[in-house]
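One structure, pasted below without further comment.
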Amino acid sequence: MPPPPSWQADLEPPPQIGYWQGMQSHILVVDDEPSIRKVLQAQLSRDGYDVEVAVDGADAITRLAAVDFHLVISDLKMPSIGGLELLQHVRSNFPGLPLIIITAHATMDAAIEALKLGAQDFISKPFDIAEVRAAVEKALRTERAKRRSNLHDPAWSKRKGAEMIGRTPAIQKVYQVVEKVA
């Protein structure tokens, strides 16, 4: 059996932190660099997360419409739709969904802008995988706490499909029927 590729040799052993209440956390990694997508997908998968990748912001928006993610990790500078535009889309359409920005174009202004727009964290490339793992764990802990507290909030639970997961057109029809029956 051939040795693993060099990027795989640097992966840390999994701590099995990707589950919450028996459900695997679902992460979307968005980056136009294939090597970054591959490293993040490999490490986060080893950590027990269910990881999907998108090649740019437009691809991410398509995936977000179809799948219920718990976290998005996005590059800042990408062709077509960049990380800040994606962040604005997420805040408008998925307000509770945390998003971490990872970028090689780190400036204080970019970090401040991303955090003001609602980014959970801002990490510079080249990054230390331990820093990314810590940011992911923190973001998911926050997201889980929000989900847990919102389940007991009457205003939140009356939202259409608040306790249900899924955004496909078929499940949206199910939500409509459930709402009528309720």
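The values are calculated or read from the model by the stated rules, or taken from the named source; none is laboratory data. What you see is a predicted model; the values in this text were computed from it and never measured. Neighbour counts run over all protein chains shown; Cβ positions are idealised from the backbone, glycine included. All accessible areas refer to the heavy atoms of the entire protein, side chains included, with ligands and DNA or RNA removed. Shrake-Rupley method; radii C 1.70, N 1.55, O 1.52, S 1.80 Å.
Go through (1) part of a loop (DSSP other than H, G, I, E, B); (2) open to solvent by less than 10 Å² (accessible area, probe 1.4 Å); (3) not basic (Lys, Arg) for MET78 and report which single condition fails.
Condition not satisfied by MET78: (2).
Let me ask something additional. Return yes or no: is ALA114 of a type outside the set (Ser, Thr, Tyr), in a loop (DSSP other than H, G, I, E, B), touching a helix residue (DSSP H, G or I) at 6+ places or on another chain (Cβ under 8 Å) and open to solvent by less than 30 Å² (accessible area, probe 1.4 Å)? Even if it seems obvious, please write down each step before you answer.
Working: of a type outside the set (Ser, Thr, Tyr): yes; in a loop (DSSP other than H, G, I, E, B): no; touching a helix residue (DSSP H, G or I) at 6+ places or on another chain (Cβ under 8 Å): yes; open to solvent by less than 30 Å² (accessible area, probe 1.4 Å): yes.
No; evaluated as a whole, the condition is false for this residue.
Going through GLU52, GLU85 one at a time, which residue ends up being in a strand (DSSP E or B), touching a helix residue (DSSP H, G or I) at 6+ places or on another chain (Cβ under 8 Å) and open to solvent by 30 Å² or more (accessible area, probe 1.4 Å)? Explain how you work it out, then say what you get.
Values: GLU85 fails: in a strand (DSSP E or B).
The unique qualifying residue is GLU52.
Before we move on, is ALA134 modelled with pLDDT of 85 or more, within 15 Å of the chain's Cα centre (by Cα) and open to solvent by 50 Å² or more (accessible area, probe 1.4 Å)? Walk me through it before giving the result.
Numbers: modelled with pLDDT of 85 or more: yes; within 15 Å of the chain's Cα centre (by Cα): yes; open to solvent by 50 Å² or more (accessible area, probe 1.4 Å): yes.
Criteria met by ALA134.
So, one more: Only one of these is of a type in the set (Gly, Ala, Ser) and within 14 Å of the chain's Cα centre (by Cα): ALA110, ALA58, ALA65. Name it.
Numbers: ALA110 fails: within 14 Å of the chain's Cα centre (by Cα); ALA58 fails: within 14 Å of the chain's Cα centre (by Cα).
Sole residue among the options that is of a type in the set (Gly, Ala, Ser) and within 14 Å of the chain's Cα centre (by Cα): ALA65.
Go over the candidates THR62, THR103, THR107 one by one and state the one that is farther than 17 Å from ALA139 by Cα and open to solvent by less than 10 Å² (accessible area, probe 1.4 Å).
THR103
Further question: (1) open to solvent by 10 Å² or more (accessible area, probe 1.4 Å); (2) under 19 Å from ARG141 (Cα atoms): which one isn't true of LEU71, the others all being true?
Going through (1) open to solvent by 10 Å² or more (accessible area, probe 1.4 Å); (2) under 19 Å from ARG141 (Cα atoms) one by one, LEU71 breaks only (1).
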